[in-house]
Amino acid sequence: MGNTGKEYADGFHTAGKVITCKAAVVWGPEEPFVIEEVQVEPPQKMEVRIKILFTSICHTDLGAWKGLNEMQRAYPRILGHEAAGVVESVGEGVEDLKEGDHVVPIFNGECGECTHCESPMTNLCARFRVDPFKSVMAGDGRSRFSVIDRAGKRRPVYHFLNTSTFTEFTVLDYACVVKINPIAPLQRMCLLSCGISTGVGAAWNTANVKKGSTVAVFGLGAVGLAVAEGARLRGASEIIGVDINLEKFDKGMVLSSMKRLDKFDENLNVFRFK
Ligand SMILES: [Zn+2]
Ligand SMILES: [Zn+2]
């Protein structure tokens, strides 16, 4: 998917209506993604419908696609949780978002009012925290998506991880949408939706890296490189990256310059971030 959102400046003209659009639907564990025509209902109370302009795949999608955990199995389903897009319409009661706002969906939502949201000790909201077992909207326990199955019957399509982004339009709880500056490039903001914030947050919050620290990062995919960037932002004096895959070096150089160190193990490649 790839456009900037500017073409929606005139408005969507679809508020309150069911939208028919394309989505990548998974019908069962490890079955191929099928591009289906789905219907997306209007957002209900405290919900937001957004046009997804960019989305990417993450390992968490893979686990749900495989149905590794039986309790996680819910099909047909629209996976995807890392994305960026534009608000198409909002449901009753949503005041801080409006049509045309540039947004990223977040799977670890924040209602802003519960004791967890008000506590500085956690960001795991009591109502909208990340929940791989949830497959319907919090408000009424229903799905906002439907599709016609092989037998010709319309049936619900399940949501995934508070988000479901492998679709042209999706419906989210207001707590799972973050408004961003409209001049920020949406194709890059997409990565803030999961990989980059997971990595930077691991260094910034979970490890709470201190100025002058030495930090080792194991695994240099998108999350690992973001950990290195988070450690750099916190003032780490030395950041070492380790990966079994030498190809990560080329990809890593795109995000952050690093130097390969002498091998101390024949299976491991070790880098120093500059
Ligand atoms: Zn992810
Ligand atoms: Zn909360």
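Read-outs throughout are calculated quantities, based only on the coordinates presented, and are distinct from any laboratory measurement. Because the structure is a prediction, the values reported are computed rather than measured. Cβ atoms come from the backbone with ideal geometry, glycine included; neighbour counts cover every protein chain shown.
The Ile35 and Asn208 beta-carbon pair, evaluated with R₀ = 51 Å, returns a calculated FRET efficiency of approximately 0.70. With R₀ set to 30 Å, the beta-carbon distance separating Gln187 from Ala151 gives a calculated FRET efficiency near 0.20. Overall, the stretch 6-193 carries a charge dipole of about 440 debye about its Cα centre when +1 sits on the Cβ of Lys and Arg and -1 on the Cβ of Asp and Glu, all other atoms neutral. Taking amide H as placed 1.01 Å from N in the peptide plane, Gly67 has its amide H under 5 Å from the amide H of Glu30, each at least 5 places away in sequence or on another chain. Sites counted here are GluC sites (Glu not before Pro) in a DSSP loop (not H, G, I, E or B) having no more than 14 other Cβ atoms within 10 Å; the longest part of the chain that contains none of them is 114-246.
Amide hydrogen proximity for Ser89: with H placed 1.01 Å from N in the peptide plane, the residues at 5 or more positions away or on another chain lying under 5 Å are Arg49.
Fewest-first ordering of Trp65, Trp204 by other beta carbons within 10 Å of each residue's beta carbon gives Trp204, Trp65.
Assuming R0 = 51 Å, can you tell me the calculated FRET efficiency for the pair Glu247 and Glu92, based on Cβ-Cβ distance, to the nearest 0.05? Spell out each step's value before the answer.
Details: r = 50 Å, r/R0 = 0.98.
Taking R0 as 51 Å, the efficiency between Glu247 and Glu92 is 0.55.
The 3J(HN,Hα) values that the Karplus relation (6.51, -1.76, 1.60; θ = phi - 60°) gives for the stretch 244-251 are, in residue order, 7, 9, 5, 5, 4, 4, 4, 5 Hz. Gly and Pro appear as x. Counting beta carbons within 10 Å around each of Asp173, Asp131 and listing the fewest first gives the order Asp131, Asp173. Applied to the stretch 174-191, the Karplus parametrisation 6.51 cos²θ - 1.76 cosθ + 1.60 on θ = phi - 60° returns per-residue 3J(HN,Hα) values of 3, 5, 10, 10, 10, 7, 10, 4, x, 7, 6, x, 5, 5, 8, 4, 3, 6 Hz, with x for Gly and Pro.
Qualifying trypsin sites (Lys or Arg not before Pro) in the stretch 160-217, where qualification requires a DSSP coil assignment and no more than 14 other C-beta atoms within 10 Å, comprise Lys210, Lys211.
Of Met189, Met253, the sequence from fewest to most neighbouring Cβ atoms within 10 angstrom is Met253, Met189. For Glu82, the residues whose amide H sits under 5 Å from its own are Ser56, ignoring neighbours fewer than 5 places away on the same chain, with H placed 1.01 Å from N.
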